[in-house]
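The values are calculated or read from the model by the stated rules, or taken from the named source; none is laboratory data. In this text, all values refer to a predicted model and were calculated from it rather than measured experimentally. Every residue, glycine as well, gets a Cβ built from its backbone with ideal geometry; the counts of neighbours run over all protein chains shown. Ligands, DNA and RNA are excluded from the accessible area calculation, which covers all protein heavy atoms including side chains. Shrake-Rupley method; radii C 1.70, N 1.55, O 1.52, S 1.80 Å.
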Amino acid sequence: MTRFEGEIIVNREISPAWNLLGFAWPPGKAPPLPGQFFTFLPRGVEYGESALLRRPLAFAWHDGSRAYSIFQAKGPGTKSLARRRVGESIDVIAPLGNSFPDPDSGERSVLAGGGIGIGPMLFLAARLKEAGRDFTLHLGFRTKSQVPEIGLDALDREVSRAKLATDDGSLGFQGTVIQAVARDKDESCADAHLFACGPKPMLAAAAALADEWNAQAHVSVEQWMACGVGACNGCVVPAADGGYLRACADGPVFSSRDLSWEQ
Ligand code: FES
């Protein structure tokens, strides 16, 4: 991991739900992998709005010299980030956390992204595509208007060939993204390897589906974080063995069977 000031090269709305942030990546630094995240230091935030706390964001792409994230401007920190202009810099610590494992040969990768979890899933899909691996990508949205136009060829290509689900049925399958995966009969077998990122109920459904299929699943959890580097225990998630795991340092990617889904 390293801390640096990255020049912002893009920061704009890509759907009514999400923004795309891109910033320069330091030459010679190890690039981020799908599943990893960074923290940024908000600017222009009042003290009472936790101005000193860094905020985590997942990587959505890296093209060699620039890193990208898809984020939601919903709290003081991310709203302040949405106001930053191209040419300004952002205080970044990255890359943080672990990444999605490579699927074994013979496994059929099934990727599912819901809500803000679309960023890491598009990143993983684009990397699997580059590696010549077969996979199916499912993306879930509340409604059709949320489907983003990202403006990055590698990611827009994956959006255009993904199987889409919307809660209101305005585009693709009507229902949740995991219901769409479960309905896709071609995939329901034990040689599938499920990769999922999204809100907790979605990940719990993915874990249950993997158990039903007797298949592997790896999920990337979304969790509030303070330090982002394993020092504060502010990001723990319940483990299957009764203890706790730190989302930032032990994850954010876990085997679904390492986590407890009952709390
Ligand atoms: Fe501090 Fe994870 S955010 S330990």
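Some observations on this one:
- Output for segment 120-148, where each listed residue is among the aliphatic types (A, V, I, L, M) and out of contact with any Phe, Trp or Tyr (no Cβ under 9 Å at 6 or more places or on another chain): Ala131, Leu137, Leu139
Conditions tested, residue by residue: (1) over 15 Å from the mean Cα position of the chain (by Cα); (2) small (Gly, Ala, Ser).
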{"position": "Ala208", "(1), (2)": "yes, yes"}
{"position": "Trp224", "(1), (2)": "no, no"}
{"position": "Ala231", "(1), (2)": "yes, yes"}
{"position": "Val236", "(1), (2)": "yes, no"}
{"position": "Gly251", "(1), (2)": "no, yes"}
{"position": "Ser255", "(1), (2)": "yes, yes"}
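- Count of segment 206-234 residues which are open to solvent by less than 20 Å² (accessible area, probe 1.4 Å) and under 18 Å from Pro42 (Cβ atoms): 2
- A single member of Gln216, Gln174, Gln223 is within 16 Å of the ligand (Cβ to nearest atom) and among the polar types (S, T, N, Q), and it is Gln223.
- Summed over segment 242-257, the residues that are within 10 Å of the ligand (Cβ to nearest atom), aliphatic (A, V, I, L, M) and buried (at least 22 other Cβ atoms within 10 Å of the Cβ) give a count of 1.
- Among residues of segment 228-241, those that are out of contact with any Pro (no Cβ under 7 Å at 6 or more places or on another chain), in contact (Cβ under 8 Å) with a residue 24 or more places away in the chain and within 7 Å of the ligand (Cβ to nearest atom), counted: 1
- Looking across segment 137-180, the residues that are more than 30 Å from Val10 (Cβ to Cβ) and under 18 Å from the mean Cα position of the chain (by Cα) come down to Thr176, Ile178.
- Against the criterion of being more than 16 Å from the ligand (Cβ to nearest atom), at pLDDT below 90 and closer than 21 Å to Leu124 by Cα, Glu187 qualifies.
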